[in-house]
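Chemist: Once you've had a glance at the structure underneath, I'll fire off some questions.
Here, each number is a calculation from the coordinates, and none is a lab measurement. All of these numbers come straight from a predicted model, not from anything done at the bench. No Cβ is skipped: glycine too gets one built from the backbone with ideal geometry, and neighbour counts run over all protein chains shown.
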Amino acid sequence: MIKSELIQKIAAANPHLYHRDVERIVNVVFDEIVDALVRRDRVELRGFGAFTVKHRAARFGRNPRTGAAVPVDEKFVPFFKTGKELRDRLNNS
Amino acid sequence: MGGKTLTRADLAEAVVRKVGLPRNESQDLVELILSEISITLAAGESVKLSSFGSFGIREKGERVGRNPKTGKEVPITPRRVLVFRPSNVMKERINAGGKRKAAQTAETASAKTSRPARKAPATRQV
């Protein structure tokens, strides 16, 4: 399923809303999650999962071809941990 | 770093604020979005949301695990796990600004013998 198909499903369940409004709603929800992660906040959606940001320290990596040490900047990576209910649903349904 | 935790209520609030829908309807819509994604994933189909990321299902075969408390070997049954791959847009936005160069921090890091505990507070089970 891609975003447009998700929007389609939400629109079908809400015939009183304009399609473009449904589009906006879906985008607002996901943008809000990204905005929170940019602030390094957590987003915890019970039963679904939690989005967090993990810190990766600066380190020296290696160019695998030459073996030369190259500095790798510190970075922050988004991380999703599946919620218990969703995890269970994936396995017994 | 960023102590706040957002919940469904905050996402619904954003819909109220930015789209102008009533609160209860916004809450229902947030719930519906999450439930449609969950239903699709439970059916074994992946969900790709452009500029956000994609949720995929990975089939794990049986393997031998160990009970960390008793040290006993126990078989881990085959299962399906969910993996989230953030989009490049998300990764770039999260890293925009506030970056320190490796050359600086790696130097101070190699000089250190004791680094302050950098552990994030244990994330609660959801």
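Chemist: Between B:Asp28 and A:Asp88, what's the calculated FRET efficiency when r is the beta-carbon distance and R0 is 22 Å? Round to 0.05.
Modeler: Efficiency computed from Cβ-Cβ geometry: 0.40.
Chemist: Loop only by DSSP, 16 or fewer other Cβ within 10 Å of the Cβ. Give me the GluC sites (Glu not before Pro) in the range B:1-79 that pass, ordered by residue number.
Modeler: Passing both the DSSP loop test and the Cβ count: B:Glu45, B:Glu62.
Chemist: Please give the Cα centre distance for the range B:57-79 versus the range A:33-93, rounded to the nearest Å.
Modeler: Centre-to-centre (Cα) distance: 23 Å.
Chemist: Got a sec? Charge dipole of chain A, +1 on Cβ for Lys and Arg, -1 for Asp and Glu; which of A:Leu90, A:Pro71, A:Leu17 is way out at the positive end?
Modeler: A:Pro71
Chemist: So, in nm, how far is label A:His19 from label B:Thr77 when the simple model puts each one 7 Å beyond its Cα toward the Cβ?
Modeler: Going from the A:His19 label point to the B:Thr77 one covers 4.4 nm.
Chemist: Mean Kyte-Doolittle of at least 0.0 plus a Cα span of 24 Å or more along the axis: flag which DSSP H helices in chain A meet both, please.
Modeler: Span-like helices, by this rule, are A:19-38.
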